[in-house]
Each structure stands twice: as structure tokens, then as C-alpha cells.
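Note sheet for the following structure.
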Amino acid sequence: MRNQLPSVDIYIPSREKDDFYRSAENSIRENTRSQFNLIESIGQRSIAGNRNAGLRMSSSEFVASLDSDCELVQGDWLENMMEILLSEDDIGLVGCKIVMFDGKIFSAGTAPNWRSYCYGEVDEGQREIVEDVVGVSANCLLYRRGLLEYDERFVGGNGLEDSDFCIRLRKKGYRVFYDGRVKVVHKKYPKEKNPLFWNHLYFHLKHPTTILAQYRKVRA
């Protein structure tokens, strides 16, 4: 199996190498069957900054990332996501299904209204599909390297930098895919976001036309 897929750089964006980080790293080593190189992307930066650091340190054509508070739970995760990424040249990014430690869905791809499909539902096998979507959660991703970087004007540890990345990638002509065959466990709930928080304001100021168009599409 290791010789059937191209080599992949995998990084874990994190502010510190804590127990969450080590658990994520162990899950990569235990569940990745194809050839990979693990990159440390650790620093006292925003999550966007640490995501960019991992992308900049990578040298392989394909790059995967797993957030430090998440764990892989299946051995075919990379094979499945790589199958989608390699299926068409204009697919630039593949995400997967994110399920919280309590069994509730955190993200099953982003709907046209910029809300996560099935958010808060108990995972009973919903959306175990492959689909072209407007966005995916950055908790676990597979990229084509060199297409784009994250906007580091998004501050803090969780805040729309992934949605912004997906919008800009699609504007460049690349598609974003959700692979519901792959499930990742999220070990803790993100902090509740204030709608007046800078990241929300910046996101809506940056993408007003896109957001309005997405809402009109849903209502239609």
C-alpha cells in the first residue's frame, strides 16, 4: 500500500506540544498506512499562522493536516481522501466528517448557507458520501501544495480562516470536496464565538457578495 500513493507531508498546527498534540500524533502514526513525513508546526501564533507554517515547511506535492485536538480513527483515511483529490485536476482540497467525542456531528461539509451539515446531530451514519461542497472544516484536510495560504488577519484559535480559505480557493477555479467516508474525532468543543468578534466582522466584510449569494441560493 505504501508504494501505491504519492508521499504526503502531514502537519499538526498547534501552539504547544501538549497531551492533545501527542494524542493526535499517535493517531497519525497508528492509522496512516501510506508513506508520509510528519512536520511539526508548533508556535505561539494564531491557528491561521500555524496552518501556514505547516504548509510552508512542506515539500511534497500533497499535504495533509490534522488539528491537535483531533484524532484519526481509521486506517484508510488517507487512501480515501487521496482518491478524491487525484480524481480530477481541479480538486484542490478534501475535507472529511468531524464527530465530537460525545458522538455528535461537528461538521459534515459546509452547506450553501455556510452552516455545517448535520451540526449537533448524533452521528448515525449521515452523509457518508463524497460531495463537491462550498467548504469543509479545517480539522483534517488534504491539500495540493502551493495553491493558497491562510489569511493571518484571522486571529486566535478558531475563527473562519478555513471558510475564507475555501472561498478563495474556489474563486481560483479549484473545487472543494467533502469525503464522508472518513471520520475524525474532535476531542473538545471550540469556545463559543461572539458574533461581534473580529473574525466574524472581517469575514463578512471580506466576502459580502459571496455570502449574500449563498443565502439567496438557499432560499431559492
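Look at residue 86 and say whether it is over 16 Å from the mean Cα position of the chain (by Cα), without any contact (Cβ under 8 Å) to a residue 12 or more places away in the chain and closer than 17 Å to residue 143 by Cα.
Judged against the criteria, residue 86 is a match.
In contact (Cβ under 8 Å) with a residue 60 or more places away in the chain and either more than 24 Å from residue 116 (Cα to Cα) or not charged (D, E, K, R) (or both): which single residue out of 20, 36 fits that description?
After ruling out the rest, the residue left standing is 20.
Could you check, for region 96-107, whether at least one of its residues is of a type in the set (Lys, Arg) and within 12 Å of the chain's Cα centre (by Cα)?
Step one: of region 96-107, the residues of a type in the set (Lys, Arg) are 97, 104.
In the following step, the residues that additionally are within 12 Å of the chain's Cα centre (by Cα) were identified as 97.
The answer is yes; a qualifying residue exists.
Pick from 205, 201, 142: which is within 19 Å of residue 51 (Cβ to Cβ) and not polar (S, T, N, Q)?
Numbers: 205 fails: within 19 Å of residue 51 (Cβ to Cβ); 201 fails: within 19 Å of residue 51 (Cβ to Cβ).
When all the criteria are applied, what remains is 142.
Which one of these is under 23 Å from residue 199 (Cβ atoms), surrounded by fewer than 21 Cβ atoms within 10 Å (Cβ to Cβ) and not hydroxyl-bearing (Ser, Thr, Tyr): 51, 15, 22, 33?
That would be 15, the only listed residue that is under 23 Å from residue 199 (Cβ atoms), surrounded by fewer than 21 Cβ atoms within 10 Å (Cβ to Cβ) and not hydroxyl-bearing (Ser, Thr, Tyr).
Which one is modelled with the lowest pLDDT among residues in region 150-177 that are buried (at least 20 other Cβ atoms within 10 Å of the Cβ) and within 14 Å of residue 50 (Cβ to Cβ)?
Filtering first and then ranking leaves 159.
I'd like to verify a number: residues in region 93-151 that are aromatic (Phe, Trp, Tyr) and closer than 24 Å to residue 7 by Cα, how many?
Summing the residues that are aromatic (Phe, Trp, Tyr) and closer than 24 Å to residue 7 by Cα in region 93-151 gives 2.
The values are calculated or read from the model by the stated rules, or taken from the named source; none is laboratory data. This is a predicted model, so every value here is computed, not measured. Here Cβ is always computed from backbone atoms with ideal geometry, including for glycine, and neighbour counts include all displayed protein chains.
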